Amino acid sequence: MRLNPFAGAYLIDPASMWRRILDDPDGVHYAEDLGLWLISRHAHVRRALADAATFANALTLAPVYEVSPEAMSVFMQIDVPPTTAAADPPVHPRTRRALRATFANTPDRVEAEYGAIIRRRVDQLVSRLATRQGDQVDLIPEFATELPLLVVLDILGVPDADIGRIRRWADGQIALIWGQPDPAEQARLAQSLLEFWQYCEELVRQRVDSGHQGEDFISRALAYRDDDDAVLTVPEVASLAFNLLVAGHETTAGLLAHALDQALSSPQRWSAIAADPGVVPAFVAETLRFAPAIDGWLRVTSREVTLGEVTIPAGARCLLLIGAANRDPAVFAHPDQFDPHRADGANHVSFGHGPHFCIGAGLARLEAGIALTRLAAAIPGLRLTPEQHRSYKPNVAFRAHHTLLATIDIMAPADVPAARGGATTEVHAA
Ligand code: HEM
């Protein structure tokens, strides 16, 4: 079975490929062109995510292609110590403890520590959109990617003025690791990643020099470290910031884009959200299941392992197809239907599972909930531009819309017609 995640059908309709792999008796395949083992079943993906002794993280943030010598010479200068998605034991349990202590990750803590930031930033963007009555806007740059970036900058205590370059660096990192850049582009993106890392080192250095009294994440991590390298080193604090600045916005941006795409696909859905914020958590959970912002995630085997009837050798890079696992008919009835009323939507694996489970899941859920609720309340007549084609950035991990065009109408539709076509069965693209 061939999978080309960078062009053609997979970019337009990944679910058809997921279905083919799921329908196969094994559900596990070696994709020779990619040099990756594809793992699709819900049970196998969960097992791989949770079994850190067999499925290691050492190469999770390493490019999925052979890196050019020019790019490699730059990579060698990026001496980021692994702390999160690239860390394995014995480092990861220690850095994970630091992250849990310093980054809010339970619903109560997230609300208490980040709720006000999210509401302020949502209101800022929503009121800007609401002044543009009658305009066609692109919801990706104007809302979906902007909001999570502003929120994560506030949490880390990074000035708004740096937003442009952080966005460029983070987008570049995602293309560099999980995309397919040509050698010249690899060298350019590797150089930009080096600048990003040096920027994070400098951010932390400034906090160290100023005595880190603030409430921002970096100050908290430095306070938690308490000058003890056995707890956390200063470069590890910079590494956490480096990871959070990317993980904290590219992912939630994808969730917002997919949620808006689904919510606006029928006037009834949008009206339901405007009328009753209580429906939003289930709507967000179903979006995460149906159209995950990260639909593939990497691990490398540290020893031979057998999944079902298939044996994967040691040292094999594996792409865990989160998108496929979320459509596994062994777990979800009518998996290709978007159904915000399904009872088991939250069984998705879109935030991972086990020791690396997404630390930002609570933040992402709260942010998406507040964003959808306030946008629908302020612009109840918001509607997608009809007949627009969806296209996604070529990537094995992140499924990010290029654009999502909509027209601003702050008036509530007088009479909401019946939902056209009922539940959407796929995020169509062309
Ligand atoms: C919809 C939004 C998000 C999605 C879909 C998502 C998805 C994921 C996934 C699939 C993983 C890997 C889990 C595993 O290996 O088991 C992960 C890990 C992680 N996520 Fe998220 N994430 C989201 C939002 C966020 C946010 C808002 C932050 C922080 C501000 C964040 C920070 C992290 C970090 C630091 C890790 C690594 C944790 C570790 O290795 O211990 N994520 N996320």
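The values are calculated or read from the model by the stated rules, or taken from the named source; none is laboratory data. Since we're looking at a predicted model, the values are computed, not measured. Here Cβ is always computed from backbone atoms with ideal geometry, including for glycine, and neighbour counts include all displayed protein chains. Please note that ligands, DNA and RNA were not included when accessible areas were found on the heavy atoms of the full protein model with its side chains. Shrake-Rupley method; radii C 1.70, N 1.55, O 1.52, S 1.80 Å.
Here are the numbers for this structure:
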| quantity | calculated |
| --- | --- |
| Any strands (runs of 3 or more DSSP E) falling wholly within the range 277-316 and containing at least 1 residues that are more than 16 Å from the ligand (Cβ to nearest atom) | 305-307, 310-312 |
| Scope the range 317-339; condition under 15 Å from the mean Cα position of the chain (by Cα) and in a helix (DSSP H, G or I); matching residues | I322, G323 |
| Some residue of the range 44-61 being more than 16 Å from the ligand (Cβ to nearest atom) and out of contact with any strand residue (DSSP E or B) (no Cβ under 6 Å at 6 or more places or on another chain) | no |
| Residues that are free of Cβ contacts under 8 Å to residues at least 40 places away in the same chain and surrounded by fewer than 21 Cβ atoms within 10 Å (Cβ to Cβ), drawn from the range 185-206 | E185, R188, S192, E195, Q198, Y199, E201, E202, R205, Q206 |
| Test: residue in the range 346-361 that is outside any strand (DSSP E or B), open to solvent by less than 10 Å² (accessible area, probe 1.4 Å), of a type outside the set (A, V, I, L, M, F, W, C) and within 15 Å of the ligand (Cβ to nearest atom) | no |
| Output for the range 49-80, where each listed residue is out of contact with any Gly (no Cβ under 9 Å at 6 or more places or on another chain), in a helix (DSSP H, G or I), among the small types (G, A, S) and touching a residue at least 24 places away in the same chain (Cβ under 8 Å) | A71 |
| Residue match in the range 59-66 (condition: within 24 Å of Y224 (Cα to Cα), of a type in the set (A, V, I, L, M, F, W, C) and surrounded by fewer than 18 Cβ atoms within 10 Å (Cβ to Cβ)) | no |
| Filtered residue count, the range 371-392, keeping only those that are in a loop (DSSP other than H, G, I, E, B), touching a helix residue (DSSP H, G or I) at 6+ places or on another chain (Cβ under 8 Å) and surrounded by fewer than 17 Cβ atoms within 10 Å (Cβ to Cβ) | 1 |
| Lone qualifier among R289, R299, R317 - being in contact (Cβ under 8 Å) with a residue 40 or more places away in the chain and surrounded by fewer than 21 Cβ atoms within 10 Å (Cβ to Cβ) | R317 |
| Residues satisfying the stated conditions in the range 238-251, i.e. modelled with pLDDT of 95 or more, of a type outside the set (A, V, I, L, M, F, W, C) and open to solvent by 10 Å² or more (accessible area, probe 1.4 Å) | N243, T251 |
| Odd one out for L11, checked against (1) of a type in the set (A, V, I, L, M); (2) touching a strand residue (DSSP E or B) at 6+ places or on another chain (Cβ under 9 Å); (3) within 16 Å of the ligand (Cβ to nearest atom) | (3) |
| Considering residues of the range 1-25 that are charged (D, E, K, R) and surrounded by 15 or more Cβ atoms within 10 Å (Cβ to Cβ) only, the residue nearest to the chain's Cα centre (by Cα) | D13 |
| Sole exception among (1) within 29 Å of D261 (Cα to Cα); (2) open to solvent by less than 10 Å² (accessible area, probe 1.4 Å); (3) not in a helix (DSSP H, G or I) for T83, by number | (1) |
| Enumerated helices (runs of 4 or more DSSP H) restricted to the range 139-254, each holding at least 1 residues that are more than 27 Å from R365 (Cβ to Cβ) | 163-178, 183-209, 217-225 |
| Those residues of the range 393-411 which are of a type in the set (V, I, T) and open to solvent by 50 Å² or more (accessible area, probe 1.4 Å), in sequence order | T403, I410 |
| Residue ID - farthest from the ligand (Cβ to nearest atom), chosen from residues in the range 86-102 that are part of a loop (DSSP other than H, G, I, E, B) and crowded, with 18+ Cβ neighbours inside 10 Å | D88 |
| Selected residue (only one of E250, E236 is closer than 30 Å to A371 by Cα, among the acidic types (D, E), touching a residue at least 60 places away in the same chain (Cβ under 8 Å) and within 13 Å of the ligand (Cβ to nearest atom)) | E250 |
| The listed residue being of a type in the set (V, I, T), closer than 24 Å to R289 by Cβ, within 11 Å of the ligand (Cβ to nearest atom) and open to solvent by less than 10 Å² (accessible area, probe 1.4 Å), out of V122, V110 | V110 |
